[in-house]
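The values are calculated or read from the model by the stated rules, or taken from the named source; none is laboratory data. As the structure is a computational prediction, the values presented were derived from the model and not from experiment. A quick note on method: Cβ atoms are made from the backbone with ideal geometry, for glycine too, and the neighbour counts reach across all protein chains shown.
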Amino acid sequence: MITLDERKAQARKTALAIRAACDPALGNRLAERFLADMPPPPGVAISGFWPMPGEIDIRPLLHALHARGNAVLLPETPPRGQPLIFRHWTPDTLMRQERFGTFRPEGEIGTPDWLLIPLLAFDRAGARLGYGGGYYDRTLAHLPGVTAIGCAYAALEVDAVPTGDYDARLDAVATDAGVIMCERP
């Protein structure tokens, strides 16, 4: 019998192969589709992420959200087992290199209302496959009521993501093809 961890490991391997063929510049289309399909209300603080190599580049969306007047935050990766910390970002904010090949701002700590989440695969029920560290699952458990929106290439959609009881669900997924509102079970 194949364990959940083994199913997730195989799904990550498949997703990484698919992602390798995708163009990070599709982040421009993701930004356009997100702002057309699910524009955030004024005053909503939104946490994004600085893309790791190979991830869809949502920096055009971060710039657009900032220009619209939304507060933009980016995560700081704490020690393993802890939820993420969010710091305010602007295009002029000094950035510091983080673990895992990403960057975080030097800005003040804040709390997001909407959380843009990187992922390796997703399904229409709101399940997401991450990298296995559990940072976003712990973070979502500590932020009840936050709107959780995955960000990914449309090519990473699958029929069903292998999940466990501790895996947090998404409210929506923003892709280069548009925003998918998730149908939670």
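Only one of A17, A67 is without any contact (Cβ under 8 Å) to a residue 24 or more places away in the chain, small (G, A, S) and over 24 Å from Y131 (Cα atoms). Can you tell me which?
Result: A67 is the single residue among A17, A67 that is without any contact (Cβ under 8 Å) to a residue 24 or more places away in the chain, small (G, A, S) and over 24 Å from Y131 (Cα atoms).
Consider I2 carefully, then state whether it is within 27 Å of D159 (Cβ to Cβ), of a type in the set (A, V, I, L, M) and at pLDDT 95 or above.
It is false that I2 is within 27 Å of D159 (Cβ to Cβ), of a type in the set (A, V, I, L, M) and at pLDDT 95 or above.
Among the residues of segment 25-53, write down those that are in a loop (DSSP other than H, G, I, E, B) and either of a type in the set (S, T, Y) or touching a residue at least 40 places away in the same chain (Cβ under 8 Å) (or both).
Of everything in segment 25-53, those that are in a loop (DSSP other than H, G, I, E, B) and either of a type in the set (S, T, Y) or touching a residue at least 40 places away in the same chain (Cβ under 8 Å) (or both) turn out to be M38, P40, V44, A45, G48, F49, W50, P51, M52, P53.
Which residue out of L119, L84, L73, L129 is in contact with a Lys or Arg (Cβ under 9 Å, 6 or more places away or on another chain), surrounded by 20 or more Cβ atoms within 10 Å (Cβ to Cβ) and over 30 Å from D159 (Cα atoms)?
None of the others qualify; the one that does is L73.
Of the conditions (1) farther than 20 Å from I180 by Cα; (2) at pLDDT 95 or above; (3) surrounded by fewer than 18 Cβ atoms within 10 Å (Cβ to Cβ); (4) under 18 Å from the mean Cα position of the chain (by Cα), Q10 fails just one. Which one is it?
Only one criterion is unmet by Q10, namely (4).
Collect the residues in segment 95-116 that are of a type in the set (G, A, S), at pLDDT below 90 and in contact with a Lys or Arg (Cβ under 8 Å, 6 or more places away or on another chain), keeping them in residue-number order.
G107 - this is the single residue of segment 95-116 that is of a type in the set (G, A, S), at pLDDT below 90 and in contact with a Lys or Arg (Cβ under 8 Å, 6 or more places away or on another chain).
When segment 56-72 is examined, which residues are found to be in contact with a helix residue (DSSP H, G or I) (Cβ under 7 Å, 6 or more places away or on another chain) and within 19 Å of P105 (Cβ to Cβ)?
The answer is D57, I58, R59, P60, L61, A64, V72.
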